[in-house]
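Q: Mind looking over this structure? Questions follow.
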């Protein structure tokens, strides 16, 4: 890419960042719906709760702040995961602990660990601000 005078950082990182910023909130919406349907199946079908009562309680228990906070968190988590993973992958060839395919494996492992820790920290901070 450098030989063809293409900005390799922008060429490799920007599609992944855009994909993460689109897919994380989309997955959040899908799994929110799946959670509501799963609660409906458990409550109504297995426990015999009235379905009107179930939807009434859901509509009063879940506020718009809960939903918007979930989407804000999804955007921040997508940004964190994409940034950390792209950084680790882009600079895998400069690792001091290994070279070649082993460096890619180590970069992947460290990207997962760093992403998990940053998600926990960001979740704490965002929850503090959103409450």
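Q: Quick check: the angle from helix 51-61's long axis to the longest principal axis of the chain, C-alpha only, nearest 10 degrees?
A: 60 degrees
Q: For the ranges 84-91, 3-10, 34-41, what's the packing order if you count other beta-carbon atoms within 10 Å of each residue, average per peptide, and put the highest first?
A: Highest-to-lowest ranking by the protection proxy: 84-91, 34-41, 3-10.
Q: Using the scaling law 2.2 N^0.38 Å as the reference, what is the normalised Cα Rg of the range 41-93?
A: Here the Cα radius of gyration is 1.97 times the empirical estimate.
Q: Another question about this same structure. Could you work out Rg/(2.2 N^0.38 Å) for the range 57-131, with Rg from alpha carbons only? Don't jump to the answer; show the numbers that get you there.
A: Working: Rg = 17.0 Å, N = 75, 2.2 N^0.38 = 11.3 Å.
Here the answer is 1.50, to two decimals.
Q: Can I ask one more? Can you work out the PRE-style zone for residue 119? Point 7 Å along Cα to Cβ, and I want the residues of the range 1-37 with backbone N under 20 Å.
A: Those under the cut-off are 16-36.
Q: Roughly speaking, what % of Cα-Cα pairs in the chain are separated by over 26 Å, rounded to a whole number?
A: Counting every Cα pair in the chain, those more than 26 Å apart make up 44 percent.
Q: Further question on the same structure: Would you mind getting me the FRET efficiency between residue 4 and residue 94? Use the beta-carbon distance for r and R0 = 22 Å, nearest 0.05.
A: 0.55
Q: If each DSSP helix of 4+ residues adds -39,500 (n - 2.57) and the sum is divided by the residues in the chain, what number results at 222 nm, nearest 500 deg cm²/dmol?
A: Mean residue ellipticity, 222 nm, calculated: -27500 deg cm²/dmol.
Read the figures in this text as sums done on the coordinates, not as results from a lab. Note that this is a predicted model, so its numbers are computed, not measured. All Cβ positions, glycine included, derive from the backbone under ideal geometry; neighbour counts span all protein chains shown.
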